[in-house]
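The values are calculated or read from the model by the stated rules, or taken from the named source; none is laboratory data. Everything numeric here is computed off the predicted structure, so don't read it as measured data. Counting neighbours? That spans all protein chains shown, and the Cβs are built from the backbone with ideal geometry, glycine included.
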Amino acid sequence: MQDTLDTVRREDYTTELRPGQKTQLTVYGPRRVRFHWLTGDMDYLTYGGKWISNRQSNGEFDYYFVIEILNWKEAVGEREAPPETYNVSLAVVSPQEAGQENCRRATDCCGIEEDMLTRAIDHGQCEEILVEALYGYGLSVPVWSMDGNNHKALMREARQQAQIAAGLFGFVMDRPVNRIGVTGWEHLRGDMQSALDRLEQHA
């Protein structure tokens with residue numbers, strides 16, 4: 001029964017609605033966030049890799065979480081690398097919110113040709129290709145990031161942060177993602193102009 005629901009049970013508790021009358025309530029939260037492999041190297045602990053979540057929705061549009069792991073020494077070189085070995089980050093991507101034009105620009109930038117998209121559609125993988133392209137293009141909203149030496153602990157924390165972010169999605173998207181004040185909502189759409197307009201109004 002639970003597998004057929006789009007929600008995950010969060011808490012059961014007993015409450016008294018009227019004097020002497022108690023009832024059992026179950027509080028449900030957002031859809032359980034699960035991840036599977038998206039792209040990267042077989043040796044992802046050395047050369048990096050990404051995982052994509054199952055499709056999520058805030059009631060207005062669909063979106064996906066992306067977890068990325070990178071090895072600092074491989075990514076930036078031993079001289080620039082921090083003391084920790086790994087960085088694991090969590091981000092949100094929404095092909096639906098990005099729109100067709102941004103998706104086209106992202107796939108062009110990543111060298112994804114029309115026949116590749118066609119094959120992906122045939123195999124039910126179009127959304128995954130678009131998510132990867134938009135992530136590489138920069139249209140992803142950072143949610144969480146942490147350095148460390150224990151990659152299993154970092155990945156476990158990233159999954160937990162994804163479930164929390166799914167439940168507090170509006171608050172996560174309200175936060176600015178850069179110094180000019182672009183919100184997560186705007187960044188998903190590739191909209192920087194709104195933040196520039198706000199700065200001009202307050203100048």
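Below is a table of values for the structure above.
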item: Residue match in the stretch 76-88 (condition: free of Cβ contacts under 8 Å to residues at least 60 places away in the same chain and under 29 Å from ARG34 (Cα atoms)); result: no
item: Odd one out for ARG104, checked against (1) closer than 27 Å to LEU154 by Cα; (2) of a type outside the set (A, V, I, L, M); (3) over 13 Å from the mean Cα position of the chain (by Cα); result: (1)
item: Residue in the stretch 145-195 that is surrounded by the most Cβ atoms within 10 Å (Cβ to Cβ), counting only those that are part of a helix (DSSP H, G or I) and basic (Lys, Arg); result: ARG159
item: Residues of the stretch 131-142 classified as out of contact with any Lys or Arg (no Cβ under 9 Å at 6 or more places or on another chain), in contact (Cβ under 8 Å) with a residue 40 or more places away in the chain and not in a helix (DSSP H, G or I), total; result: 2
item: Single residue of VAL27, VAL76, VAL8, VAL88 found to be modelled with pLDDT of 95 or more and more than 16 Å from LYS152 (Cα to Cα); result: VAL76
item: Residues that are surrounded by 16 or more Cβ atoms within 10 Å (Cβ to Cβ) and in a loop (DSSP other than H, G, I, E, B), drawn from the stretch 111-123; result: ILE112
item: Residue match in the stretch 83-102 (condition: under 20 Å from THR46 (Cα atoms), surrounded by fewer than 19 Cβ atoms within 10 Å (Cβ to Cβ) and among the small types (Gly, Ala, Ser)); result: no
item: Options GLU101, GLU84; residue that is out of contact with any helix residue (DSSP H, G or I) (no Cβ under 6 Å at 6 or more places or on another chain), of a type in the set (Asp, Glu) and part of a loop (DSSP other than H, G, I, E, B); result: GLU84
